[in-house]
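*Asks:* First, the structure itself, so that you have it in front of you.
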Amino acid sequence: MTLLKRKLADKISQWRDEARDLVKKTGDKKISDVTVAQAYGGMRGVRGFVCDTSSVSAETGLIIRGYPLLEITHLLPEEVFFLLITGDLPTAEELADLKSQYSSQAVVPSYVWDVMKKMPEDSHPMAMFNTGIMVMQRESVFRRKYDAGVPREEYWEHCLEDGINLLAKLPGLAAGIYRIHFNKGDLIDYDPGLDWSENFVHMTGINDPNGQFKKLMQLYFMLHCDHEGGNVSAFAAHTVASALSDPYYSVAAGLNGLAGPLHGLANQECLKFVLGIYDHFKAAPSKDELKQFCWDRLNSGRVIPGYGHAVLRCPDPRFVAFVDYGREHIKDDDIFNIVKDLFDVVAPVLQEQGKAKNPWPNVDAASGSLLYYYGLKEFNFYTVLFSVSRAMGMIAQMVINRALNIPITRPKSVTTDWLKENT
Ligand code: CMX
């Protein structure tokens, strides 16, 4: 048994007792009321289910298992996955064990590349990535075990096995799609001497002479790992997994949601916006010029990408972590400096416009400028990177939900007539 599975087995018996006790003692206590405005408003703020991997505070942002994000940005993605799923940081031995599981499962099956190479040239890299995951669905251990009739107490174990097998392959799948879609030449083999994020950089073939791009990707994959349970991608994955669709189906479902421009696709939109500014002014503009540019965009009926958030009411700590990284490593870069200046300009503009409830930057506002600097310039690929990371949160949440036997998701919708008669 792997060390992660052993640790989870201990934790799960405690979590099951805790959940059972809570339902027994406080099962009829209310945790939310729903207004008509919320019913028409994307259920914003409705507390309707449990997610323990992380929580998002409107005032301080992401908290992972009790750790405010900015206190743990040094963690490897492997460590943060262990933390998300178990609630504990791994020991050196547990980390080594997880790394060796990833390593043994990292090679993407060749039939996936056959499909990827046949996809139309104008397929979006996110469509390729999600297709790649779906093509691997035939590997699902969960599906085979379910079909064989294993007891439901065991579901989480097979969900975990699928989750690890899938996570192990995502850097390779993403890097291979990068090379195929952008005609970068032959695929590059996985290097067992490198870790998860280092392997991604290695397999893209992007030149990284001083190892700084690898450092950035370690940070990138760590920062995007989870954002509690109610965001579009996590909730879509949660809902699909609740039907006992296996992790391949469920992660792909979540990532199809991440591909929306109001969610994960905003990072490609954001860099497009910043490069548009650079092209327009042929250099880094003054703050007054930036302000006018933002107003022109708003007046044309478009959003400022990378700004605003459904839950946050503060600058996103993930944005802060990226800007800190940029200040340390690429402080003289023009594109990065536009991103920094936008931080001073956009919030007052959005406040003056008076529509956005949160005028501050979210995670997507800064990441693109850093990727661009290190040579990953194809911005329609950026959401794939978000996906590689966010799959960790989806998988951690789904393993826990199977362990707790959370039933199929089925909230009740109401009709407009019902509202008229009953409110
Ligand atoms: N620029 C312009 N207008 C904005 C805005 C922005 N960045 N953010 C919000 N608004 C507008 C909304 O479009 C909405 O306008 P209408 O009333 O005309 O429909 C109004 O302000 C109120 O919206 P809100 O309650 O503040 O925000 P929502 O919870 O509805 O939406 C989000 C949140 C992120 C979709 C929205 O802020 C947005 O579109 N931002 C730009 C896209 C973006 O950066 N998305 C990435 C989010 C992070 C992620 O999930 O990856």
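The values are calculated or read from the model by the stated rules, or taken from the named source; none is laboratory data. Because the structure is predicted, anything quoted here is derived from the model rather than measured. Neighbour counts run over all protein chains shown; Cβ positions are idealised from the backbone, glycine included. Accessible surface is based on the protein model in full, side chains and every heavy atom, while ligands, DNA and RNA are left aside. Shrake-Rupley method; radii C 1.70, N 1.55, O 1.52, S 1.80 Å.
*Asks:* Any residue that is farther than 25 Å from residue 319 by Cα and among the basic types (Lys, Arg) - is there at least one of those in segment 181-200?
*Replies:* Checked segment 181-200: at least one residue is farther than 25 Å from residue 319 by Cα and among the basic types (Lys, Arg).
*Asks:* Sticking with this structure for a sec: Considering only residues of segment 51-71 that are more than 16 Å from residue 363 (Cα to Cα) and in a loop (DSSP other than H, G, I, E, B), which is least open to solvent (accessible area, probe 1.4 Å)?
*Replies:* Among those residues, the one meeting the criterion is 53.
*Asks:* Filter segment 84-97 down to the residues that are assigned to a loop (DSSP other than H, G, I, E, B) and buried (at least 17 other Cβ atoms within 10 Å of the Cβ) and list them by number. Walk me through how you get there before you give the answer.
*Replies:* Restricting attention to segment 84-97, the residues satisfying the condition of being assigned to a loop (DSSP other than H, G, I, E, B) are 87-91.
Result: 87, 90.
*Asks:* Give all pairs with beta carbons closer than 6 Å in which a residue from segment 82-93 that is in contact (Cβ under 8 Å) with a residue 24 or more places away in the chain meets a residue that is open to solvent by less than 10 Å² (accessible area, probe 1.4 Å) and assigned to a loop (DSSP other than H, G, I, E, B); count only pairs at least 6 apart in sequence or on separate chains.
*Replies:* That search, which allows pairs on different chains as well, returns 84/53; 84/226.
*Asks:* Considering 220, 248, which residue is within 18 Å of the chain's Cα centre (by Cα) and more than 30 Å from residue 57 (Cβ to Cβ)?
*Replies:* Numbers: 220 fails: more than 30 Å from residue 57 (Cβ to Cβ).
From the options 220, 248, the qualifying one is 248.
*Asks:* Still on this model: Say we look at segment 254-264 and pick out the residues that are in a loop (DSSP other than H, G, I, E, B) and within 8 Å of the ligand (Cβ to nearest atom); which of these is surrounded by the most Cβ atoms within 10 Å (Cβ to Cβ)?
*Replies:* We begin by selecting, within segment 254-264, every residue in a loop (DSSP other than H, G, I, E, B); these are 259-264.
Among the residues that remain, those that are also within 8 Å of the ligand (Cβ to nearest atom) are: 261-264.
Details: 261: 12, 262: 13, 263: 19, 264: 28.
Taking the candidates together, the pick is 264.
*Asks:* Still on this model: Among the numbered conditions (1) within 30 Å of the chain's Cα centre (by Cα); (2) part of a helix (DSSP H, G or I); (3) within 15 Å of the ligand (Cβ to nearest atom), tell me where residue 278 comes up short.
*Replies:* If we test residue 278 against (1) within 30 Å of the chain's Cα centre (by Cα); (2) part of a helix (DSSP H, G or I); (3) within 15 Å of the ligand (Cβ to nearest atom), just (3) comes out false.
*Asks:* Got a sec? Which of 238, 227 is under 19 Å from the mean Cα position of the chain (by Cα), part of a loop (DSSP other than H, G, I, E, B) and closer than 30 Å to residue 47 by Cα?
*Replies:* Numbers: 238 fails: part of a loop (DSSP other than H, G, I, E, B).
The match here is 227.
*Asks:* Sticking with this one: Output the residues belonging to segment 205-218 that are more than 24 Å from residue 111 (Cα to Cα) and open to solvent by less than 60 Å² (accessible area, probe 1.4 Å). Break it down into steps so the answer makes sense when it comes.
*Replies:* Taking segment 205-218 and keeping what is more than 24 Å from residue 111 (Cα to Cα), we get 206-218.
Within segment 205-218, 206, 208, 211, 212, 213, 214, 216, 217, 218 meet the criteria.
*Asks:* Take residue 364 and tell me if it is open to solvent by 50 Å² or more (accessible area, probe 1.4 Å) and either touching a strand residue (DSSP E or B) at 6+ places or on another chain (Cβ under 8 Å) or more than 28 Å from residue 165 (Cβ to Cβ) (or both). Lay out the reasoning, then the answer.
*Replies:* Working: open to solvent by 50 Å² or more (accessible area, probe 1.4 Å): no; either touching a strand residue (DSSP E or B) at 6+ places or on another chain (Cβ under 8 Å) or more than 28 Å from residue 165 (Cβ to Cβ) (or both): yes.
Taking the combined requirement at face value, the residue does not satisfy it.
*Asks:* Within segment 120-130, is even one residue of a type outside the set (A, V, I, L, M) and touching a Phe, Trp or Tyr at 6+ places or on another chain (Cβ under 6 Å)? Even if it seems obvious, please write down each step before you answer.
*Replies:* Of all residues in segment 120-130, those of a type outside the set (A, V, I, L, M) come to 120-125, 129-130.
Restricting the remaining residues to those that are touching a Phe, Trp or Tyr at 6+ places or on another chain (Cβ under 6 Å) gives 125.
For segment 120-130, residues of a type outside the set (A, V, I, L, M) and touching a Phe, Trp or Tyr at 6+ places or on another chain (Cβ under 6 Å): present.
*Asks:* Follow-up. Which of the helices (runs of 4 or more DSSP H) contained wholly in segment 282-393 include at least 2 residues that are closer than 29 Å to residue 214 by Cα, more than 10 Å from the ligand (Cβ to nearest atom) and in contact with a helix residue (DSSP H, G or I) (Cβ under 8 Å, 6 or more places away or on another chain)?
*Replies:* Details: elements: 287-299, 317-329, 334-353, 364-373.
Ranges flagged: 317-329, 334-353, 364-373.
*Asks:* Looking only at residues in segment 304-339 that are surrounded by fewer than 18 Cβ atoms within 10 Å (Cβ to Cβ) and basic (Lys, Arg), which one is nearest to the chain's Cα centre (by Cα)?
*Replies:* 313
*Asks:* Quick one: in segment 18-44, which of the residues that are without any contact (Cβ under 8 Å) to a residue 12 or more places away in the chain and among the small types (Gly, Ala, Ser) is surrounded by the most Cβ atoms within 10 Å (Cβ to Cβ)?
*Replies:* Top of the filtered list is 41.
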